[in-house]
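The values are calculated or read from the model by the stated rules, or taken from the named source; none is laboratory data. All values reported here derive from a predicted model rather than from experimental measurement. In this analysis, Cβ positions are derived from the backbone assuming ideal geometry, glycine residues included, and neighbour counts consider all displayed protein chains. We work out accessible area using only protein heavy atoms, side chains counted, and drop any ligands, DNA or RNA first. Shrake-Rupley method; radii C 1.70, N 1.55, O 1.52, S 1.80 Å.
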Amino acid sequence: MPSLSSVLKFLAVAGKFILLVFLAALAKERIDVISVVVRDRGWSDVLPLFQLALHLPLFWTGVLVPVALVSALWSAADVLALAAAPDRAAAGFLVLLKRVGYKLLLAAMMALTLVPSLENSILGGPHRLVYQGSLNFLIIAGIGIALIAWFGRRPKV
């Protein structure tokens, strides 16, 4: 039977691999959104479409929140890797878990206010703060705040 340490190491490495696959799928999905205007496209059209996508502001606003969430999950995989280390330090856990909380809160705030405001401005709307309510991102913000509050305390020596 594998030890807990080896299982945690495997989960950390597998989690990071899955996140890299997710980023590749995200890039493909964003290119597919743009390539709707091109009917018969082949493999030779992928690179020009990607280059076109990089110049469109809505490509970047659509990527902001998923990249922030991937960054938070990457930090969570680092927590698993630290838990697998035999000489782990409690202070390292506090820093990493607080970092996960800040990244989750950042992703939620971007999804709730920053991205809708930017997209509104890009599409010609008035330049103002737009709030797009989403229960999912309110829950993610709550988890981020809880992690920051709980692991942001100073450890008792």
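Computed from backbone phi, the HN-Hα couplings of the range 108-116 come to 5, 5, 5, 5, 7, 10, 5, 5, x Hz, rounded to whole numbers (Karplus: 6.51 cos²θ - 1.76 cosθ + 1.60, θ = phi - 60°; Gly and Pro given as x).
Against the chain, whose longest principal axis comes from its Cα atoms, helix 57-84 is set at around 20 degrees.
Among all stretches of the chain without exposed trypsin sites (Lys or Arg not before Pro) (DSSP loop, at most 16 other Cβ atoms within 10 Å), which one is longest?
On the way: sites that count: R39, R41, R88, R128, R153, K156.
Counting only loop sites that pass the neighbour cut-off, the longest clear stretch is 42-87.
In the context of the full set of protein chains, residues of the chain present 66 Å² of accessible surface per residue (probe radius 1.4 Å, heavy atoms only). Count Lys and Arg as plus one, Asp and Glu as minus one, and take only other residues whose Cβ is under 12 Å from that of S71; the net charge is then +2. Length gained on full extension, S3 to W150: 50.1 nm, using 0.36 nm per residue less the C-alpha separation.
Got a number for carbon plus sulfur as a percent of the chain's accessible area, 1.4 Å probe? If you can, show how the numbers build up before the last one.
Values: 7460 of 10340 Å².
Of the solvent-accessible surface of the chain, carbon and sulfur hold 72 percent.
Using the Cβ-Cβ distance between L54 and V95 with R0 = 41 Å, the FRET efficiency computed as 1/(1 + (r/R0)^6) comes to roughly 0.75.
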